[in-house]
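The values are calculated or read from the model by the stated rules, or taken from the named source; none is laboratory data. Since this is a predicted model, take the numbers as computed values, not measurements. Virtual Cβ from ideal backbone geometry, glycine too; neighbours counted across all protein chains shown.
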C-alpha cells in the first residue's frame with residue numbers, strides 16, 4: 001500500500017528543496033534558468049516572513065514531493081484579500097497521483113476559514129496546457145486578464 005501524502009506548512013529547513021523545485025518548474029514551464037543563490041535567498045526570505053508569503057509542501061515518507069506558495073493581494077473591489085497561488089511544483093515521479101489536488105484543497109480550506117479572504121487566483125504560462133487542465137479540473141476558471149510586467153534587476 002502506498003504511503004499517505006501529508007500536506008504541511010513549509011519550514012526553514014525546507015528552503016533548499018523548495019528552491020530546487022522552483023528552479024525545476026521555471027526550467028520546465030518557461031525554459032528559464034534561474035540563479036540558484038538568488039532563488040534560495042528568496043525562498044529563505046519568504047519562509048522567514050509569513051506576511052509576504054506562505055509555503056506548503058506535500059510529503060511522502062518524510063520526502064518533499066510537491067509544493068505551492070501563496071502570496072496576498074488586497075482587493076478594494078471585494079473589500080478583502082485574494083490569495084495568489086504560485087511556485088506550484090510536483091516532482092515528475094509523483095505526478096498524476098493527486099498530489100497537487102491535495103495541496104490545493106488544503107490551501108483552499110485554509111482560505112475559506114480565514115475571514116476576509118475572497119478567493120484564490122493563479123497565473124499559468126499560456127503554453128502550459130497540462131497545468132491549465134489541472135486547474136480547470138479543480139474548479140478554477142480563466143479570469144479574463146492578461147498579465148503585463150516590467151522587471152527590474
query: Do the conditions hold for residue 88, that is, is it outside any strand (DSSP E or B) and either under 15 Å from residue 106 (Cα atoms) or in contact with a helix residue (DSSP H, G or I) (Cβ under 9 Å, 6 or more places away or on another chain) (or both)?
result: no
- request: Identify, by number, the condition in (1) closer than 23 Å to residue 123 by Cβ; (2) surrounded by 18 or more Cβ atoms within 10 Å (Cβ to Cβ) that residue 15 doesn't meet.
  value: (1)
query: What about residue 65, is it in contact with a helix residue (DSSP H, G or I) (Cβ under 6 Å, 6 or more places away or on another chain), outside any loop (DSSP other than H, G, I, E, B) and within 22 Å of residue 124 (Cα to Cα)?
result: yes
query: Can residue 45 be described as in contact with a strand residue (DSSP E or B) (Cβ under 6 Å, 6 or more places away or on another chain), over 21 Å from residue 27 (Cβ atoms), assigned to a helix (DSSP H, G or I) and at pLDDT 95 or above?
result: no
Check on residue 124, touching a residue at least 24 places away in the same chain (Cβ under 8 Å), buried (at least 16 other Cβ atoms within 10 Å of the Cβ), within 22 Å of residue 26 (Cβ to Cβ) and within 15 Å of the chain's Cα centre (by Cα): no
task: Check 68, 111, 58 and return the single one that is at pLDDT 95 or above, farther than 27 Å from residue 148 by Cβ, surrounded by 12 or more Cβ atoms within 10 Å (Cβ to Cβ) and within 15 Å of the chain's Cα centre (by Cα).
output: 58
field: Positions within segment 111-153 being assigned to a helix (DSSP H, G or I) and farther than 22 Å from residue 89 by Cβ, in sequence order
entry: 112, 113
field: Residue satisfying all of: in segment 6-44; touching a residue at least 60 places away in the same chain (Cβ under 8 Å) and out of contact with any helix residue (DSSP H, G or I) (no Cβ under 6 Å at 6 or more places or on another chain); nearest to residue 64 (Cα to Cα) among these
entry: 21
query: Only one of these conditions is not met by residue 56: (1) part of a helix (DSSP H, G or I); (2) closer than 29 Å to residue 141 by Cβ. Which number is it?
result: (1)
statement: Sole miss for residue 50 among (1) under 16 Å from residue 94 (Cβ atoms); (2) not in a helix (DSSP H, G or I) is condition (1)
Verdict on residue 118 being in contact (Cβ under 8 Å) with a residue 40 or more places away in the chain, surrounded by 14 or more Cβ atoms within 10 Å (Cβ to Cβ) and within 22 Å of residue 140 (Cα to Cα): yes
query: Pairs under 6 Å by beta carbon, first residue under 17 Å from residue 23 (Cβ atoms) in segment 50-77, partner in a loop (DSSP other than H, G, I, E, B), six or more apart or different chains?
result: 55/10; 57/10; 65/91
